[in-house]
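Read-outs throughout are calculated quantities, based only on the coordinates presented, and are distinct from any laboratory measurement. On a predicted model such as this, the values are computed, not experimentally measured, just so you know. Cβ: placed from backbone, ideal geometry, glycine included. Neighbour counts: every protein chain shown.
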Amino acid sequence: MLSIGFAVLIVLPILTSTGSTMLQVRGEDWRNARRDSSGQAPDPMTTNEAVVQVYVARTVGLRGALAVHSWLAVKPEGASHYTRYEVIGWGVARGYPAVRVTQGNADNYWFGAEPQKLFERRGDGVEAMIKQIEAAVRSYPYPDSYRTWPGPNSNTFIAHVARAVPQLRVDLPPTAIGKDFLANGDIAAWAPSGTGFQVSLFGLFGVMVALEEGVELNLFGLSFGVDLNSPGIKLPGLGRIGFRK
């Protein structure tokens, strides 16, 4: 019975997601993959108010069967462009910083993968939130380190910022591998959304209970669980299945 449950909850979703990803990436060259705006962010040239957004998108190649890349973008009031904050592993071994700060679009396709917007806020109170985000970015404890699994990676970074800025209330999907990698070897912390609590052992084993995330179990970096706030289930590879938030 235990083996059947393991197959249904972990193996089957991963195989399904991997098969789907293989069909999508077959014959694709990441160097020519789509990187333009997905049209989800307000035009900064015609939008005067301050904006904060958080996105995720499937990672490049077959890794996208299991994981997403996450980032956030801010536009202060009156600014003519977005500033985008994210962690990227490419080049870190050659001395590049892991934390990248760029100016441009907030919502680009991630090497062909369409981004999913997790959070957006505009107008009143956003200027103060942007200052908190900038401080959280500066306090990230791994600015020059990257490890795909179990972290620290792009999802570790966004989870860190989210914990430091509770107004974001970001519910990172179960495919955000690395979100449970807690800084400085901590074994307990607030959930990234700030609406609950989690314990985690180096991002490999742990449990989370929160209003936004629901109940999640992390095994070797793979998360599955139940979302009670907006009913749904969370499975490795496939992500969240259920009512939209």
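Between 0 and 90 degrees, the angle of helix 126-139 with respect to the longest Cα principal axis of the chain falls at about 60 degrees.
Non-local lysine pairs in the chain, meaning eight or more places apart or on different chains, with alpha-carbon distances under 22 Å, amount to 9.
When you restrict to C-alpha pairs under 8 Å that are six or more residues apart and normalise by the size of the range 128-241, the relative contact order lands at 19 percent.
The chymotrypsin sites (Phe, Trp or Tyr not before Pro) of the range 140-245 that DSSP puts in a loop, and whose beta carbon has at most 11 other beta carbons within 10 Å, are 243. Each residue, residue 49 and residue 241, gets one label point 7 Å from its Cα in the Cβ direction; the gap between the two is 3.7 nm. Just the Cα atoms of the chain, one point each, no solvent: what log10 I(q)/I(0) does Debye give at q = 0.07, 0.08, 0.10, 0.14 Å⁻¹? Values, matching the q order: -0.22, -0.29, -0.46, -0.93. Once the Cα-Cα distance is subtracted from the 0.36 nm per residue extended length, the residue 102 to residue 188 segment shows a gain of 27.8 nm.
Divided by 2.2 N^0.38 Å, where N counts the residues, the Cα radius of gyration of the range 83-176 comes to 1.09.
Potential lengthening of the chain between residue 31 and residue 219 amounts to 64.4 nm, from the contour at 0.36 nm per residue minus the alpha-carbon distance.
The chymotrypsin sites (Phe, Trp or Tyr not before Pro) of the range 76-131 that DSSP puts in a loop, and whose beta carbon has at most 11 other beta carbons within 10 Å, are 90.
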